[in-house]
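*Asks:* Got a structure here, written out as structure tokens. Questions coming.
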Amino acid sequence: MELSTRYSPTEKEDKWYSFWESKGYFHSEPDERESFSVVIPPPNVTGVLHMGHMLNNTIQDILIRKARIDGKNACWVPGTDHASIATEAKVVKMLREQGIKKSDLTRDEFLKYAWDWKEKYGGIILQQLRKLGASCDWERTSFTMDEVRSKGVTKVFVDLYNKGKLYRDYRMVNWDCEAKTVLSNEEVLYSDENSKLYHVRYQIEGTEEYLTVATKRPETIMGDTAIAVNPKDERYSHLKGKRAIVPLINRSVPIIFDDYVDVEFGTGALKVTPAHDPNDYEIGKRHELEVIATINEDGTLNEKAQIHVGVDRFKARKLVAADLEEAGSMVLIEDYQSSIGRSERTNTVVEPMMSLQWYVDMKSIAGPALKGVMEDDVQFFPEKYKNTYRHWMENIRDWCISRQLWWGHRIPAYYYGDQFFVAETPEEALAQAQKAFNNPELKIEHLKQEEDVLDTWFSSWLWPITVFNGFDDKEQLDYYYPTSVLVTGWDIIFLWVARMIMAGYEWKSKRPFDHVYFTGMVRDQKRRKMSKSLGNSPDALKLIEDFGADGVRFGMMSSSPAGGDLLFDEKLCEQGRNFCNKIWNALRLTKGWEVDDSLTTPEYNKLTIAWFESQIVKVNAQVQKEYSEYRLSEALITLYQFIWNDFFSWYLEMIKPDYQKPIDRHTLEKTNEFFSSICTMLHPFMPFITEEVWHALVERKDGEDCMMTPLKIENSFDESLLNKIDLLRDITSNVRDVRNKQGLKKRDELQVVALDSADTTELMNTPGAMDLLKRIAFVSSFEMANEAPEDAVGFISGRSSFHVPLEQKEINVEEELAKLEKDLAHQNGFVLSIEKKLGNERFVSNAPEAVVNMERKKLADGTERIQKIKEAIEKLKNR
């Protein structure tokens with residue numbers, strides 16, 4: 001088969017993805033195998049592929065492909081989130097561009113437009129994930145508002161209500177004036193912003209005395225219903241029982257005393273506006289103050305403000321400040337840094353507002369979820385996020401779940417007059433109403449369903465259950481649930497992760513997943529979060545087009561430590577593409593060898609094969625350990641170094657036949673076997689190049705594909721043999737270094753004299769070792785001696801000394817001494833670190849005996865090496 005000179009990712013990726021799908025490899029049904037299930041964090045239907053999606057889904061795909069290779073029944077469920085606020089905003093914008101106002105439509109008319117928009121654009125991101133190589137079970141694609149998921153949402157709402165864990169209440173909420181809906185506490189993002197602090201004076205009623213208060217929001221003065229001071233603040237003790245006049249509107253309000261007031265903030269006096277500040281609201285409840293809401297749902301001032309009616313709150317702030325200046329009530333305006341809450345979705349400043357909403361009593365369901373994580377029934381990777389989780393769960397607040405939108409799950413509460421009935425269907429609600437009013441004549445049309453919809457997260461928290469139709473299909477749920485691992489960003493640990501864990505224990509009495517792997521943020525080289533506004537987020541699909549999916553996957557994963565932020569650089573994708581080309585060139589090399597069946601396998605090839613058999617076992621054990629700890633970046637780098645260094649740079653060079661010479665069949669077959677194992681090991685990270693090479697190496701039977709073939713590697717390896725070849729390779733590298741420094745040609749043969757040592761003797765007595773050394777290091781002879789020859793360059797390898805005689809060459813003593821001194825400093829540091837480790841009583845007591853013994857061996861070897869270096873230095877100084 002003729003192979004192209006360069007690997008072409010685009011055609012190969014399209015070919016293999018279609019092939020895998022046609023074989024049904026992505027689909028899963030319950031069977032006798034161990035299941036490995038993953039549910040995708042559902043991206044918004046409004047979304048397009050960005051770097052965060054790329055990282056998250058690459059990690060999931062790595063884990064799911066690894067599970068398939070391990071022989072598990074791997075099921076990765078894809079889907080999308082209906083994203084109430086974001087989607088409704090998109091649809092409203094689309095309608096506005098068509099000259100249609102949402103207010104001119106009925107709910108049903110609007111929802112028709114919304115569903116049409118979803119059908120047209122909602123699946124884009126899932127199609128894009130295919131380009132990345134995501135091996136999702138597309139037959140199981142779910143949507144948070146489809147029939148099955150919606151049924152689960154309704155069932156849970158009704159169940160919580162019937163258990164007394166869900167209620168309706170009039171209280172202070174976070175209001176998004178742009179989306180015109182309430183937000184949960186977790187949907188409000190706080191950051192310090194530049195602001196102003198306004199010092200305003202209020203006249204004490206019936207006197208010429210004034211009281212100055214400091215406020216960040218002069219536009220809410222018209223809603224003031226009290227002035228509060230701290231009872232311990234002696235400056236204001238004479239004002240007990242007094243009243244103050246609110247400037248501009250001349251309302252008389254009481255001066256109250258409350259411990260909440262911070263004596264050190266501003267003037268120590270606080271204007272109390274119960275309708276527009278959560279802390280003021282609590283003060284108002286304690287002192288039974290009037291609540292005057294002066295701001296509309298769209299953020300404009302209403303009639304109760306009396307002035308600037310209809311003006312936006314931020315414009316009103318400037319106007320009111322000017323009014324206060326003119327009235328002589330403004331004492332001072334100063335710059336101020338303030339923590340401002342903004343809507344996660346629209347970025348608008350959140351307005352505290354009184355409203356009647358639906359809530360979940362979170363304390364009533366949080367207990368098992370807190371215990372589950374703290375006792376590792378659900379394991380977090382990295383573990384540090386347990387403390388973050390615990391703090392939030394121990395201080396959990398009730399969840400406001402109603403939203404003033406049309407796109408979403410409509411709340412299953414049905415009103416008849418002032419009374420409401422919560423039920424899964426209108427028919428069940430009607431039956432409740434007929435019974436409550438003792439009126440069998442009531443009809444469904446007499447009932448009016450709640451206008452509000454549920455928070456998007458109310459469907460998302462059920463995702464691990466509902467994607468398997470968990471409230472109706474026991475077989476599917478019992479097989480796939482709990483899922484194996486959730487891969488998600490730490491930034492939604494409260495919005496999503498914690499709630500899913502609560503839901504799992506509440507309705508299935510089980511954790512929803514065994515493990516949670518938290519990814520970091522994708523950032524640029526300046527450590528800035530990637531975003532459109534900064535212009536530092538590359539086009540994900542363009543990256544795949546330029547570097548191939550495997551190259552991009554490599555680029556992201558090679559710089560993505562577990563739980564740490566990914567500092568993305570396109571050069572890493574370029575490195576991934578170069579790695580693909582290196583793999584391809586290695587394939588072209590081996591495919592170009594001719595086999596001579598009459599040839600026997602030389603001893604040096606037998607030795608090389610035996611070494612690599614042990615090396616691949618050892619490396620695989622390391623990779624498996626890194627997988628188990630979710631150190632996937634480390635696993636990829638381990639594989640990269642093994643493949644590039646051990647296989648390409650050493651193994652292939654060791655067994656490569658001489659120019660235009662054939663190779664024996666056994667060596668080629670073992671090489672193809674090793675190359676196939678490498679493809680299997682690397683496949684989860686770089687699926688396309690590995691499948692292509694796998695099939696190009698040897699003829700395969702139908703169904704014998706890299707994606708589905710278990711790794712066939714022994715469990716044990718020969719550590720002694722590995723040490724011998726490590727010594728041989730180090731000798732070779734040092735001989736090459738001598739040749740380079742002396743300006744000798746690559747194939748100029750050199751002699752090597754080894755000072756007598758057990759390690760060297762063992763190497764010399766290993767069948768094939770000396771022939772291999774001569775072959776790859778171009779050594780004419782390798783001899784043992786009791787002392788170093790004259791006019792020779794020396795080097796230390798392992799615990800042994802070696803010397804290369806140089807005829808008629810002047811040895812650069814200073815250069816050789818500098819090299820040895822540098823090596824000595826390194827070895828001294830190494831030995832010191834081992835001594836510290838062994839001096840740690842906790843390490844010696846708790847570490848496995850084999851690990852402690854290995855450290856002791858390292859110490860002995862290092863000490864012996866230091867002695868050899870010192871001897872070599874002394875010899876050079878005495879020349």
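The values are calculated or read from the model by the stated rules, or taken from the named source; none is laboratory data. Only a predicted model underlies this, so the values are computations on that prediction, with no experimental measurement involved. Note that each Cβ is placed from the backbone with ideal geometry, even for glycine, and that neighbours are counted across all protein chains shown. In case anyone asks, the SASA skips ligands and DNA or RNA and just uses the protein heavy atoms, side chains included. Shrake-Rupley method; radii C 1.70, N 1.55, O 1.52, S 1.80 Å.
*Asks:* In the range 419-509, what trypsin sites (Lys or Arg not before Pro) fall in a loop by DSSP, with at most 11 other Cβ atoms inside 10 Å? Please report the intermediate quantities before stating the final value.
*Replies:* On the way: sites: K435, K443, K448, K474, R499, K508; in loops: K443.
Sites meeting the loop and neighbour criteria: K443.
*Asks:* Is any residue of the range 123-142 close enough, with backbone N under 16 Å, to a label point placed 7 angstrom from the Cα of L541 along the Cα-Cβ axis, and if so, which?
*Replies:* Backbone N within reach: 123-134.
*Asks:* Find how many whole Å separate the alpha carbon centroid of the range 12-40 from the alpha carbon centroid of the range 205-269.
*Replies:* 68
*Asks:* Starting from the 7 Å offset along Cα-to-Cβ, what nm value, one decimal, do you get for the label separation of V331 and K216?
*Replies:* 2.0
*Asks:* Next up: Report the accessible area of E344, computed with a 1.4 Å probe over the heavy atoms of all protein chains in place, in Å² rounded to the nearest 10.
*Replies:* E344 exposes around 60 Å² with every protein chain in place.
*Asks:* If DNA, RNA and ligands are ignored and the probe is 1.4 Å, what is the ranking of L668, L832 by accessible area, most exposed first?
*Replies:* On the way: L668 25, L832 90 Å².
Putting L668, L832 in descending order of accessible area: L832, L668.
*Asks:* Would you mind working out the accessible area per residue for the range 339-473, using a 1.4 Å probe, and quoting it in Å²? If you can, show how the numbers build up before the last one.
*Replies:* Numbers: 5860 Å² over 135 residues.
Value for the range 339-473: 43 Å² per residue.
*Asks:* For the pair K857 and S4, how long in nm is the line joining their label points, each one 7 Å along Cα→Cβ?
*Replies:* Here the modelled spin labels are 4.8 nm apart.
*Asks:* At 1.4 Å probe size, put D146, D262 in order of accessible surface, largest to smallest. Numbers along the way, then the final one.
*Replies:* Values: D146 35, D262 85 Å².
Solvent-accessible surface, decreasing: D262, D146.
*Asks:* Between M764 and Y190, what length in nm is gained on full extension when 0.36 nm per residue of separation is reduced by their alpha carbon distance?
*Replies:* On the way: separation 574, 0.36 × 574 = 206.64 nm, distance 6.89 nm.
Difference between extended and current length: 199.7 nm.
*Asks:* Helix-derived [θ] at 222 nm for the chain: sum -39500 (n - 2.57) over DSSP H runs of at least 4, divide by residue count, nearest 500? Walk me through the numbers before you get to the answer.
*Replies:* Details: 28 runs with 380 residues, N = 879.
The helix-only estimate for the chain comes to -14000 deg cm²/dmol at 222 nm.
*Asks:* Once you charge only the Cβ atoms, +1 for Lys and Arg and -1 for Asp and Glu, what is the size of the charge dipole of the range 134-267 about its Cα centre, to the nearest 20 debye?
*Replies:* Values: 19 positive and 23 negative charges, 109 e Å.
Result for the range 134-267 is approximately 520 debye, rounded to the nearest 20.
*Asks:* Now for a separate question. Under the rule of at least 5 residues apart or a separate chain, name every residue whose amide H is placed under 5 Å from the amide H of F513.
*Replies:* The list, which skips near neighbours in sequence, is T483.
*Asks:* Then there is this: Summing +1 for each Lys or Arg and -1 for each Asp or Glu, what net charge is found among the other residues whose Cβ lies under 13 Å from the Cβ of M686? Before the final figure, lay out the partial values.
*Replies:* Numbers: positive: K12, R65, K66, R553, R577, K582; negative: E13, D61, D550, E691, E692.
So the environment of M686 carries a net charge of +1.
*Asks:* Let me ask something else about it. In straight Cα distance, which lysines are under 26 Å from K656, not counting same-chain residues fewer than 8 positions off?
*Replies:* K582, K591, K606, K618, K670, K712, K724, K745, K746, K774
*Asks:* Of S628, S460, which has the most accessible area and how do the rest follow, probe 1.4 Å?
*Replies:* Heavy-atom accessible area, descending, gives S628, S460.
*Asks:* So, one more: Tell me the carbon and sulfur percent of the accessible area for the range 362-475, rounded to whole percent, probe radius 1.4 Å.
*Replies:* On the way: 2510 of 5360 Å².
Heavy-atom surface of the range 362-475 belonging to carbon and sulfur, 1.4 Å probe: 47 percent.
*Asks:* What list of ³J(HN,Hα) values in whole Hz, one per residue of the range 155-169 in order, does the Karplus curve 6.51 cos²θ - 1.76 cosθ + 1.60 (θ = phi - 60°) give from phi, with Gly and Pro shown as x?
*Replies:* 4, 5, 4, 5, 4, 4, 5, 5, 7, x, 9, 9, 8, 10, 8
*Asks:* Something else: Would you compute, for the Cα atoms of the range 44-152, the largest minus smallest coordinate along each principal axis and list the three values in descending order, in whole Å?
*Replies:* Principal axes ranked by extent give 57, 32, 18 Å for the Cα atoms.
*Asks:* Something else: Can you return the aspartates and glutamates within cross-link range of K285? Criterion is Cα-Cα under 16 Å, with same-chain partners fewer than 8 residues away left out.
*Replies:* Leaving aside aspartates and glutamates fewer than 8 places away in the same chain, those within reach of K285 are D169, D224, D258, D259, D277.
*Asks:* Also, I was wondering about something else. Apply 1/(1 + (r/R0)^6) to the Cβ-Cβ distance of L356 and E288, taking R0 = 22 Å, and write down the FRET efficiency to the nearest 0.05.
*Replies:* According to the calculation, E is roughly 0.65.
*Asks:* At 0.36 nm per residue, minus the direct Cα-Cα distance, what do K315 and F843 gain on full extension? Give it in nm, one decimal, please. Kindly include the intermediate steps, with their values, before the conclusion.
*Replies:* On the way: separation 528, 0.36 × 528 = 190.08 nm, distance 6.46 nm.
So the extension gain works out to 183.6 nm.
*Asks:* What chymotrypsin sites (Phe, Trp or Tyr not before Pro) in the range 633-713 are in a loop by DSSP, with at most 10 other Cβ atoms within 10 Å of the Cβ? Before the final figure, lay out each step's value.
*Replies:* Details: sites: Y640, F642, W644, F647, F648, W650, Y651, Y659, F674, F675, F685, F688, W694; in loops: Y659, F685.
In loop regions of the range 633-713 (DSSP not H, G, I, E or B), the sparsely surrounded chymotrypsin sites (Phe, Trp or Tyr not before Pro) are Y659.
*Asks:* Return the whole-Å distance between the Cα centroid of the range 386-435 and the Cα centroid of the range 581-610.
*Replies:* Their Cα centres are 68 Å away from one another.
*Asks:* Hey, another quick one. Hey, what's the per residue convex hull volume over the C-alpha atoms of the range 210-356, in cubic angstrom?
*Replies:* Working: hull volume 18.3 nm³, N = 147.
Dividing the Cα hull volume of the range 210-356 by its residues yields 124 Å³.
*Asks:* Long-range amide H contacts for T141: which residues qualify at under 5 Å (H placed 1.01 Å from N, peptide plane, sequence gap of 5 or more or a different chain)?
*Replies:* Under 5 Å from the amide H of T141: no residue qualifies.
*Asks:* So how much accessible area does L447 have, in Å² to the nearest 10, using a 1.4 Å probe?
*Replies:* For L447, solvent-accessible area is about 20 Å².
*Asks:* Place a label point 7 angstrom from the Cα of R171 along the Cα-to-Cβ direction, then list the residues of the range 353-369 whose backbone nitrogen is under 11 Å away.
*Replies:* Within reach of a label on R171, which here means backbone N under 11 Å from a point 7 Å along Cα→Cβ, the range 353-369 contributes 357-363.
*Asks:* Accessible area per residue, 1.4 Å probe, Å², for the range 248-325: what's the number? Intermediate results must be reported in sequence, preceding the final value.
*Replies:* Details: 3810 Å² over 78 residues.
Solvent-accessible surface per residue comes out at 49 Å².
*Asks:* Can I ask one more? Percentage of Cα-Cα pair distances in the chain greater than 36 Å, rounded to whole percent? Could you put the intermediate results ahead of the total?
*Replies:* Values: 240644 of 385881 pairs.
Counting every Cα pair in the chain, those more than 36 Å apart make up 62 percent.
*Asks:* Let me ask something else about it. Which angle between 0 and 90 degrees, to the nearest 10, do you get for helix 51-69 versus the longest principal axis of the chain when only C-alpha atoms count?
*Replies:* 50
*Asks:* Something else about it: Just round it to a whole percent: the fraction of Cα-Cα distances in the range 705-831 exceeding 23 Å. Before the final figure, lay out the partial values.
*Replies:* Values: 3176 of 8001 pairs.
Taking all Cα-Cα pairs of the range 705-831, the fraction more than 23 Å apart is 40 percent.
*Asks:* I'd like the carbon and sulfur percentage of the solvent accessible area for the range 91-153, probe radius 1.4 Å, heavy atoms only, ligands and nucleic acids excluded. Could the numbers behind the result be given before it?
*Replies:* Numbers: 1730 of 3420 Å².
Exposed carbon and sulfur together represent 51 percent of the surface.
*Asks:* Please report the spacing between the Cα centers of the range 813-879 and the range 483-520 in Å, no decimals.
*Replies:* 47
*Asks:* Shifting gears a bit: Calculate, in nm to one decimal, what K23 and K875 gain on full extension: separation in residues at 0.36 nm each, minus their alpha carbon distance.
*Replies:* Numbers: separation 852, 0.36 × 852 = 306.72 nm, distance 6.87 nm.
Full extension from K23 to K875 adds 299.9 nm.
*Asks:* Related question: With the crude spin-label approximation of a point 7 Å out along Cα→Cβ, what separation in nm comes out for I124 versus K582?
*Replies:* 3.7
*Asks:* Give me the net charge for the shell around P218: Cβ to Cβ below 10 angstrom, other residues only, Lys and Arg +1, Asp and Glu -1. Provide the component values of the computation, followed by the final result.
*Replies:* Numbers: positive: K196, K216, R217, K271, R317, K318; negative: E219, D323.
My count for the surroundings of P218 gives +4.
*Asks:* Solvent-accessible area per residue for the range 179-225 at a 1.4 Å probe radius, Å²?
*Replies:* Details: 1860 Å² over 47 residues.
Each residue of the range 179-225 exposes 40 Å² on average to a 1.4 Å probe.
*Asks:* Using only protein heavy atoms and a 1.4 Å probe, report how much of E719 is accessible, in Å² to the nearest 10.
*Replies:* It works out to around 70 Å².
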